[in-house]
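Reviewing the structure listed below.
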Amino acid sequence: MPLDDNRVTITRAEAEELFFHEAELLDAWKLDEWLGLLTDDAVYHVPPNDLPDSDPRFALFIIADDMVRLKERIIRLKDPNCHAEFPHSRTRRLIGNVRITDATAETATAHANFIVYRHRRHESPRVFSGYYRYKLRRVAGGLKIAERRAVLDAEELGSLGGVSFIL
């Protein structure tokens, strides 16, 4: 949909392409490349199940990372001494029902449902489901992730085990 200044808004197809590429990178454990999909000021949040819309300043989040913490998380996940993820979990992400809920030429809010299958040696497969809420930003002509919130459907997380990988 054109704007008054003839620029085009961020489209669902653009968002889908970004989300599918992101899923491919995460499933392949290409974590440094995944970081390249994020803006310099990006945040990654996994909120508590009972307060999915809360603010990490006022609620205890499962994960509330800014770029500094995300880079540290990636360093840890790639380290062979990271026993929670060595050898790495095998994951498979399915992304669907992508919707743009607000968009301009430079920013967008998007939602997408997800299912992440996690396989680890000597463990039963685990399934994480929920939805992502993204804030996207056009940077130097490309689309990047400024905020990524993974809201889990699970009523309780105990049976799913730790969330040591990137949802």
Ellipticity estimate at 222 nm from DSSP helix runs (n ≥ 4, -39,500 (n - 2.57)) divided over the chain, nearest 500: -6000 deg cm²/dmol
Computed over region 15-83, Kirkwood Rh from alpha-carbon pairs, angstrom: 13.5
Simple Cβ-charge dipole of the chain, Lys/Arg +1 and Asp/Glu -1, about Cα centre, in debye nearest 20: 500
log₁₀ of I(q)/I(0) at q = 0.29 Å⁻¹ - region 64-113, Debye sum with one point per alpha carbon: -0.98
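Hey, if we sort Arg76, Arg138 by accessible area with the 1.4 Å probe, largest down, what's the order? Don't skip to the end; give the middle numbers.
Details: Arg76 120, Arg138 55 Å².
Reading off the accessible areas and sorting them downward yields Arg76, Arg138.
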Kirkwood-type radius of region 74-167, with distances r between different C-alpha atoms, in Å: 15.1
Relative compactness, the chain, computed as alpha-carbon Rg over 2.2 N^0.38 Å: 1.06
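What do you get when you divide the Cα radius of gyration of region 94-134 by 2.2 N^0.38 Å, with N the number of residues?
On the way: Rg = 14.5 Å, N = 41, 2.2 N^0.38 = 9.0 Å.
The reported ratio for this selection is 1.61.
The values are calculated or read from the model by the stated rules, or taken from the named source; none is laboratory data. All figures in this text were calculated on a predicted structure; none of them were measured in a lab. Here Cβ is always computed from backbone atoms with ideal geometry, including for glycine, and neighbour counts include all displayed protein chains. For the accessible areas, the whole protein counts, side chains as well, though only heavy atoms, and no ligand, DNA or RNA atoms are used. Shrake-Rupley method; radii C 1.70, N 1.55, O 1.52, S 1.80 Å.
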